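Undergrad: One structure, pasted below without further comment.
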Amino acid sequence: MNNTVENRGSTPIIPEGLIRALRSARHVCVLTGAGISAESGVPTFREAQSGLWEKYNPLDLATPEAFLQDPALIWRWYRWRRELVAAAMPNPGHIALAKLTSLVPRLTLVTQNVDGLHQRAGSEDVIEFHGNLFADRCFTEGCVVDCDSDAEVPVCPTCGCNVRPGVVWFGEAIPEMALNQSFAAAADCDVFLSIGTSSLVFPAAGLAEIASETDATVAEINPNTTGMAAGFDYAIAGNSGTVLPELVACIES
C-alpha cells in the first residue's frame, strides 16, 4: 500500500495521486506534531530541559501533583518556555496549511503542539490535543481565565484558587471535545495528512488508522519515515516547511 517518496535535492516530489486526491477532496483532516514546530526553532519538551532545568525529571515539571507541591517552580518553568516559544515564528509549513484551508471545501486541523503557531499563521478553529501554552486555567475548575499572569502564582479571579498553565500534563486525559471532534473528522475525511509526528503517541496516532479504515487517502510528511508509514498510501520524506508549500502550489496549478 505504501508509496514512499524521497526528495531529490531541494525540490520535493509530490505524488500525482495525492495531488488528485486533494483536488477532489470533500474534507481534509490534518494532524501535526512536534516536527513542524521544530522547524520554527521551538524546542521539544525534553530539549527545553536545558541549563537551569536539566536537573529536573519531566514528571517534576508536568504533572498535577508537581503543581500542587510547588506551583511557583512550575510557573517559572512555563514562563521560560513561553519566552522561548514567543520568540519563534510560523514557518512556511504553518503558512501553507493555513492557505490549504482556502483550497479545499473543508479542512480540520488537529495539532499535538501547544505553541499556537498554527493560529499565528492564520489557521482557525485548530483542535489542540494538548492544550495551549499561553492559556491560563483555574486549577480547580479547569476553565480558561484572564488573570494577573505576572504574579508568582496567579490566582483565579472568580474562585481565588491557583491558576495553572493551560496544557495537558502527564496522567491527564485529552480534552473530551478535542478528542470527539478529531475522531469524527478522521472518520469523515477523504484525505488525511500526518505531518511531523512520530505516530507513536496515542490517541493522536490512531487518527490515521481511523481515516485509513474509512478508505481515505492517507499521507505522511516527515523527514524520517515512521513505523506506521507502511500502512499509508504515501510517505513523503522531507521537512514540512519544504514539502507543504510545494504541495499547495501543485494543487493551485
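The values are calculated or read from the model by the stated rules, or taken from the named source; none is laboratory data. Being a predicted model, the structure only gives us computed values, none of them experimental. Counting neighbours? That spans all protein chains shown, and the Cβs are built from the backbone with ideal geometry, glycine included.
Undergrad: For region 11-115, list the helices (runs of 4 or more DSSP H) that sit wholly inside it and hold at least 2 residues that are of a type in the set (D, E, K, R); which are they?
TA: Output list reads 16-23, 71-86.
Undergrad: Same structure again: Restricting attention to region 134-148, which residues are part of a loop (DSSP other than H, G, I, E, B) and either of a type in the set (Asp, Glu) or more than 16 Å from Leu73 (Cβ to Cβ) (or both)?
TA: Thr140, Glu141, Gly142, Cys143, Val145, Asp146, Cys147, Asp148
Undergrad: Taking only region 149-168 into account, find how many residues are in a loop (DSSP other than H, G, I, E, B) and out of contact with any helix residue (DSSP H, G or I) (no Cβ under 6 Å at 6 or more places or on another chain).
TA: Count: 11.
Undergrad: Take the conditions over 18 Å from the mean Cα position of the chain (by Cα), buried (at least 23 other Cβ atoms within 10 Å of the Cβ) and without any contact (Cβ under 8 Å) to a residue 40 or more places away in the chain and apply them to Val218. Does it pass?
TA: Judged against the criteria, Val218 is not a match.
Undergrad: Where the second residue is assigned to a loop (DSSP other than H, G, I, E, B) and the first is without any contact (Cβ under 8 Å) to a residue 60 or more places away in the chain and lies in region 91-110, which pairs have Cβ atoms under 7 Å and are six or more apart or on separate chains?
TA: Ala98/Gly122; Ala98/Ser123; Thr101/Ser123
Undergrad: Also: Could you look through region 19-46, keep only residues that are touching a Lys or Arg at 6+ places or on another chain (Cβ under 9 Å) and farther than 28 Å from Ser253 by Cβ, and pick out the one that is modelled with the lowest pLDDT?
TA: Phe45
Undergrad: Just to verify a result, which residue in region 221-247, among those that are in a loop (DSSP other than H, G, I, E, B) and of a type outside the set (S, T, N, Q), is surrounded by the fewest Cβ atoms within 10 Å (Cβ to Cβ)?
TA: Per the criteria, the residue is Gly227.
Undergrad: Could you check region 193-220 and list, in sequence order, the residues that are more than 15 Å from Leu109 (Cα to Cα), not in a helix (DSSP H, G or I) and not hydroxyl-bearing (Ser, Thr, Tyr)?
TA: Once the filter is applied, which keeps residues that are more than 15 Å from Leu109 (Cα to Cα), not in a helix (DSSP H, G or I) and not hydroxyl-bearing (Ser, Thr, Tyr), region 193-220 yields Leu200, Val201, Phe202, Pro203, Asp215, Ala216.
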